Amino acid sequence: MPSPATGLWRAPSAEGMPEALTTLEAEKGERSHRWPQFLPGGKAVLFTVQTAAGSFDDANVEVLNLETGVRKILQRGGTYGRYVPSGHVVYVRGGTLFALPFDLDRLEVTGSPLPVLEEVTYSSGQGDGNFALSQTGTLVYRSGHQAGFSLVLVEQEGEVTVLEEDPGVGAAYPRLSPDGKRVALHIGASGERDVWIYDLERDTMTRLTFAGEDDSFPIWTPDGKRITFGSRRDSADYNVYWKPADGSGEAQRLTESENRQQPSSWSPDGEVLAFAELGPETSWDIGVLRLGEEGKTEFFVQTQFAEFYPRFSPDGRWVTYQSNESGRYEVYVRPFPGPGGRWQISTEGGGRPRWSPDGSELFYQQGDRMMVVPVTASGTTFRAGKPRELFRGCRSPD
């Protein structure tokens with residue numbers, strides 16, 4: 001089924017089953033085909049091919065002839081290719097919009113790319129560009145630098161305290177330490193990120209990893225002594241590692257998989273790690289690693305849908321996560337380690353759930369809104385109250 005780690009799919013406009021349109025060529029390091037656009041006449045499609053290099057600045061813009069099945073690379077290094085009636089394919093790279101002369105009949109490039117516009121916002125991690133073109137060639141776009149995010153603390157009432165105005169390009173995924181005195185986050189361009197620690201009391205930022213192999217998505221162990229993170233340092237895709245939070249010692253690999261993995265939450269006793277894994281057939285699934293079983297991993301939730309962001313409850317008896325099984329992302333809860341039912345927590349979409357320290361509330365994002373839900377558990381039964389908005393203005397880069 002379609003997922004971020006598959007090729008393109010197509011479905012009939014009426015009844016019928018979707019079918020695969022393209023297949024990833026693993027031997028060439030392809031990791032994703034996305035952002036398709038049918039060319040005029042409907043006989044070819046433009047799309048972006050992400051490679052093992054990581055950032056979409058290093059992706060390829062390609063065209064697929066739907067009649068012959070032949071693929072051609074139009075541009076190496078760029079993303080979000082779009083055809084313009086003037087006879088060009090435009091794409092974005094490094095925040096600059098380029099125009100590439102293109103012969104629509106032969107599906108071939110006829111010249112060299114030229115820069116058209118600077119400071120066009122886009123996602124180097126996802127590959128989408130914030131621009132669109134009309135049939136008459138009018139361009140609309142969002143202007144801005146690819147800057148990092150400010151590090152802030154937000155009270156439940158919405159009061160914001162800025163900790164660090166600009167920690168660095170690509171700063172994201174902040175996680176508070178168990179004692180609330182430090183924040184782990186990753187900083188750097190996609191493909192070159194490292195883990196840093198911000199000390200709230202001393203107002204200082206310290207670098208924890210130096211591999212330059214995209215150390216990302218840090219989380220704390222329950223005792224606050226280690227940082228667990230995803231990294232490509234010994235594999236083609238993210239696997240899970242950990243390292244002492246004081247910087248002593250080397251990073252140790254915890255999992256080995258050919259699939260992308262992202263650590264998410266430790267059980268309160270520090271014995272079980274919940275993580276998300278991107279499989280080629282089932283999209284994102286939730287796996288667990290049990291430290292007492294020599295790094296053995298198993299799946300806790302594995303379906304045809306995308307399950308992501310698992311989080312253990314403070315008592316370790318429940319796991320909350322987001323899933324698109326309903327057709328959009330909603331927040332759910334399951335008993336751990338199971339078996340048992342599942343309960344939907346959000347009502348109008350939601351993701352990135354978090355427990356309150358005492359387990360009596362669940363927080364999640366709904367668009368730019370932060371929501372909270374009162375929850376109670378009794379035996380094997382879980383109950384959720386009515387969600388309410390805490391504040392607006394949320395923005396999550398990861």
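The values are calculated or read from the model by the stated rules, or taken from the named source; none is laboratory data. For clarity, every value in this text was computed on a predicted model and none was experimentally measured. With ideal geometry, Cβ positions are generated from the backbone for all residues, glycine too; neighbour counts draw on all protein chains shown.
In segment 242-251, the condition of being closer than 25 Å to Ser313 by Cβ, out of contact with any Cys (no Cβ under 6 Å at 6 or more places or on another chain) and surrounded by 19 or more Cβ atoms within 10 Å (Cβ to Cβ) is met by at least one residue. Apart from one condition, Asp237 fits all of (1) out of contact with any His (no Cβ under 8 Å at 6 or more places or on another chain); (2) free of Cβ contacts under 8 Å to residues at least 60 places away in the same chain; (3) not β-branched (Val, Ile, Thr); the exception is (2).
Against the condition part of a loop (DSSP other than H, G, I, E, B), of a type in the set (S, T, N, Q) and modelled with pLDDT of 90 or more, how does Ser346 come out, does it pass? When the stated conditions are applied, Ser346 passes them.
For Ala172, indicate whether it is touching an Asp or Glu at 6+ places or on another chain (Cβ under 8 Å) and of a type in the set (A, V, I, L, M). Answer is yes for this residue.
Looking across segment 1-10, the residues that are at pLDDT 85 or above and assigned to a loop (DSSP other than H, G, I, E, B) come down to Gly7, Leu8.
Residues in segment 312-329 that are buried (at least 21 other Cβ atoms within 10 Å of the Cβ), under 18 Å from the mean Cα position of the chain (by Cα) and not hydroxyl-bearing (Ser, Thr, Tyr): 1 in all.
This table checks each residue for (1) among the polar types (S, T, N, Q); (2) at pLDDT below 95; (3) under 29 Å from Arg193 (Cβ atoms).
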position: Asp58; (1), (2), (3): no, yes, yes
position: Tyr91; (1), (2), (3): no, no, yes
position: Ser112; (1), (2), (3): yes, yes, no
position: Phe131; (1), (2), (3): no, yes, yes
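From the list Arg82, Arg76, the lone residue that is touching a strand residue (DSSP E or B) at 6+ places or on another chain (Cβ under 6 Å), at pLDDT 90 or above and over 30 Å from Gly327 (Cα atoms) is Arg76.
Select from segment 349-388 the residues that are among the hydroxyl-bearing types (Ser, Thr, Tyr) and not in a strand (DSSP E or B) and list them in ascending order.
Ser356, Ser360, Thr380
When Arg260 is tested against the conditions (1) on the phi > 0 side of the Ramachandran plot; (2) in contact with a Lys or Arg (Cβ under 9 Å, 6 or more places away or on another chain), the lone failure is (1). The residue that is surrounded by the fewest Cβ atoms within 10 Å (Cβ to Cβ), counting only those in segment 143-163 that are touching a Gly at 6+ places or on another chain (Cβ under 9 Å) and at pLDDT 75 or above, is Val160.
Against the list (1) under 22 Å from Leu151 (Cβ atoms); (2) among the acidic types (Asp, Glu); (3) without any contact (Cβ under 8 Å) to a residue 12 or more places away in the chain, the condition Asp214 fails is (3).
The combined condition, being in a strand (DSSP E or B), modelled with pLDDT of 90 or more and closer than 22 Å to Asp199 by Cα, is fulfilled by Pro218. Within segment 189-205, is there a residue that is among the charged types (D, E, K, R), crowded, with 16+ Cβ neighbours inside 10 Å, closer than 19 Å to Glu256 by Cα and in contact with a Ser or Thr (Cβ under 9 Å, 6 or more places away or on another chain)? No, there is no match, as no residue in segment 189-205 is among the charged types (D, E, K, R), crowded, with 16+ Cβ neighbours inside 10 Å, closer than 19 Å to Glu256 by Cα and in contact with a Ser or Thr (Cβ under 9 Å, 6 or more places away or on another chain).
Here segment 100-125 is the region considered, the condition is being in a strand (DSSP E or B) and under 29 Å from Tyr238 (Cβ atoms), and the residue that is nearest to the chain's Cα centre (by Cα) is Tyr122. Of the strands (runs of 3 or more DSSP E) entirely within segment 237-339, those holding at least 3 residues that are modelled with pLDDT of 90 or more and under 28 Å from Val183 (Cβ atoms) occupy 239-244, 260-266, 272-279, 283-290, 307-312, 318-323, 330-335.
Just so you know, in segment 12-34 the residues that are modelled with pLDDT under 85 and assigned to a loop (DSSP other than H, G, I, E, B) include one that is farthest from Gly327 (Cα to Cα), and it is Gly29.
Of the residues making up segment 373-392, those that are surrounded by 17 or more Cβ atoms within 10 Å (Cβ to Cβ) and under 11 Å from Ile345 (Cβ atoms) are Val373, Val375, Phe382, Ala384, Pro387. Taking the criterion of being of a type outside the set (Val, Ile, Thr), free of Cβ contacts under 8 Å to residues at least 40 places away in the same chain and closer than 20 Å to Tyr329 by Cα, would at least one residue in segment 281-293 satisfy it? Yes; the residues of segment 281-293 include at least one that is of a type outside the set (Val, Ile, Thr), free of Cβ contacts under 8 Å to residues at least 40 places away in the same chain and closer than 20 Å to Tyr329 by Cα. Counted as qualifying within segment 35-99 are the strands (runs of 3 or more DSSP E) with 1 or more residues that are touching a residue at least 60 places away in the same chain (Cβ under 8 Å), namely 44-51. Inspect all residues belonging to segment 283-305 and state whether any of them is surrounded by fewer than 21 Cβ atoms within 10 Å (Cβ to Cβ), over 28 Å from Gly349 (Cα atoms) and under 19 Å from the mean Cα position of the chain (by Cα). No, segment 283-305 contains no residue that is surrounded by fewer than 21 Cβ atoms within 10 Å (Cβ to Cβ), over 28 Å from Gly349 (Cα atoms) and under 19 Å from the mean Cα position of the chain (by Cα).
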